[in-house]
Amino acid sequence: MLSGTLEGFMARHLCVAWWGILFLFAVGCHSGRSIGPSAASSQGAGTTFVRGTLVRNDGSVVDDAVVAIEGTRIARVATAREMPIPQGAAVIGGSGKWIIPGLIDAHVHFFQSGGLYTRPDVIDLTARVSYAEETRRVRAALPETFRRYLRAGVTSVIDFGGPEWNFEMRELATRTPLAPRVAVAGPLLSSLARPQLDLGDPPIRQVTEPGAARAMVRAEAPRKPDFIKLWWPLGPGHTPQTWQPVAAAAVDEAHALGLRVAVHATELEVARLALKMGADVLVHSVVDAEVDDEFIRLLREGNVGYVTTLAVFGGYPRVLSHKVQLIGAEMELADPKVVATVLEPFAVPENRYRGPPGPAARRNVRRIWDGGGLLAAGSDAGNIGTFHAAGLHRELEELVGAGLTPAEALTAATANAARVMGRADLGEIEPGKLADLLVLGASPLDDIRNARRIEWVVKDGIPRRPEEILPRTAEDIVQAQVNAFNAQDLDAFLSTYADDAVIVRAGTGETLMSGKQSMRERYGSMFARFPANRVRIAERKVEGTNTVIDHEIVTGRGPERPDPWDVGWVRYELGDGLIRKVALP
């Protein structure tokens, strides 16, 4: 969770046919059979073989590797020469495919959507959407959000704090086959009050006395939290020592009860105090200064997890400055309805935005990795502008941008994140570990963005195609197109269209544009001439599975058009997951 960081840095700086291709692999005189989604999902007995180039956590690779899965666990890992695949066995992957462990996002918040209305304590837009309505939507969307994570290859997450219903969410994830495994903290013990988030089950609870901190930890313990979370932003007039007695009492009580403690501390001296009092995890990068040798030594000697969260440090500034730039993962994996909210026009009070933090957070990632610290990838998804499922893929890109190699970034999001989660059975492709892994269509070591070129997601030994986990609906694709239009992202906009797409006039059938090149020229010119051009969907109708009809209202096209301009009903016809025809009124 970031708004405490905002209070800090903003205040100061502010052989079943799959309906596509069958892979048959010959090993000696044996061949396996590839499996399609329906067969894969029902695999409950026997052995499934995964074949491809295996990426190990030290960055080395095993060419033509075979991973044998029995039940929910990995039984054996070897080369195809060492482990011939029996004739008729179930096989996924093959030549040109890459195998990595299932990804782990080591910092998310399921009580937040990632949308514009999810943190009224940061920017209050409750006159548009009440916080009660936002929370209702978030909870109703949980099953879909779980699927989004799994579709994105994120097989495990740590939810570092929320309302008491976080524990219900964990149980729901445990009972839901198409969900990541979830570790949770309950309500955050906080140095600051957040009354805007209190609907009777507040996610953040201010604690001002050591005795009260101990009592809250004891009250939480029967729920079996995976972590106790301390939220330690510096409020006005606070020093790092102001809340130290309260934090120390909470840490002491939690450890006495056998509970691990995670601390939000984005200032160097607050984070240093947290380390000295025995924190088990620091859930954010330090943003205000570069860490020193003592800090790294404390991290290393205490085996303390350091969760990066570079994505969230950029998320709020991008949204609050109206400079949202969507990456491919956000177009493909995030909930397009949530993404749409951060592209809506809104006024930002001047005292709410002072820009992103300086370069220290990125530099600290490299320093801590080089110093031997337990660096884990986490996005803080759920905060404004950091979207569930897509957040970890942005984090991976940020980590590479901060100086990690793709192999190091993957280790941060697998083996290291598993250690932070406290799960020795996750994060590596080794015999005896849980069979959570991904089959990719290209090398993530060449380009970290290939980590989202997912062809199979295996969780608990069951392989599934991403489109089986959560198909992209026609409405999703049309909304993604609207989002890209409003972000003025021409490439993302065109990515939702077929190469031979046509745009016609509904009444006459006149062809206005034909093919992507024609669209690129017309829309590219439009975006350049009207940078404030935005579209709002006044009403939407969905017909069958491949037609969406939107009533569109456009702003920012003056003086060429009225402002606002009621365009009328626009009809989108789709096929094979792309827009093929648009009929304008």
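All of the numbers you see were taken from the coordinates with simple rules; none came from a lab. The model shown is predicted, which means the values in this text are computed figures rather than measured ones. Note that each Cβ is placed from the backbone with ideal geometry, even for glycine, and that neighbours are counted across all protein chains shown.
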Only Cα pairs under 8 Å and at least 6 apart count here; give the relative contact order of region 185-329 as a rounded whole percent.
-> 18 percent
Along the charge dipole of the chain, which of GLY524, GLY378, ILE123 sits closest to the positive end, that is, farthest toward it, with unit charges on the beta carbon of Lys, Arg, Asp and Glu (+1, +1, -1, -1)?
-> GLY524
Over region 382-470, what relative contact order in percent results from Cα pairs under 8 Å that are six or more residues apart?
-> 20 percent
Positive-end extreme of charge dipole, region 474-584 - chosen from VAL582, SER495, VAL535 (charges on Cβ) = VAL535
Excluding residues fewer than 8 places away in the same chain, name every one of the aspartates and glutamates whose C-alpha is closer than 12 Å to that of LYS581.
-> ASP499, ASP500, GLU573
Charges only on Cβ, +1 for Lys and Arg, -1 for Asp and Glu: so what's the dipole of region 129-186 about the Cα centre, in debye to the nearest 20?
-> 280 debye
What does the charge dipole of the chain about its Cα centre add up to, to the nearest 20 debye, if the Cβ of each Lys and Arg holds +1 and the Cβ of each Asp and Glu holds -1?
-> 480 debye
The FRET efficiency for ILE553 and ALA193, from their Cβ-Cβ distance with R0 = 45 Å and rounded to 0.05, is 0.70
Counting DSSP beta bridges with both ends in region 474-584, the antiparallel % (nearest 5) = 85 percent
Where labels lie 7 Å past Cα in the beta-carbon direction, separation of GLU467 and ALA75 in nm = 3.1 nm
Per the C-alpha gyration tensor (a ≥ b ≥ c, the square roots of its eigenvalues), the chain is rounded if a/c is under 1.5, else prolate if a/b beats b/c, else oblate; here it's oblate
With each pseudo-label sitting 7 Å past Cα toward Cβ, what's the ASP293-GLU171 distance in nm, one decimal?
-> 5.2 nm
Let me have the relative contact order for region 474-584, percent, based on Cα pairs under 8 Å that are six or more residues apart.
-> 27 percent
To the nearest 0.05, the calculated FRET efficiency linking GLU209 and THR242 through their beta-carbon distance, R0 being 22 Å, is 0.95
Could you name the lysines in cross-link range of LYS433, using Cα to Cα under 30 Å and dropping any fewer than eight places away on the same chain?
-> LYS97, LYS224, LYS229, LYS459
According to the square roots a ≥ b ≥ c of the eigenvalues of the Cα gyration tensor, what is the shape class of region 474-584, taking rounded for a/c under 1.5, prolate for a/b larger than b/c otherwise, and oblate for the remainder?
-> rounded
At a Cα cut-off below 17 Å, give the aspartates and glutamates reachable from LYS276, other chains included and same-chain residues fewer than 8 away excluded.
-> ASP252, GLU253, GLU267, ASP292, ASP293, GLU294, GLU301
Pop a pseudo-label 7 angstrom from the Cα along the beta-carbon direction at both ASP576 and ALA256 and give the gap in nm to one decimal.
-> 6.7 nm
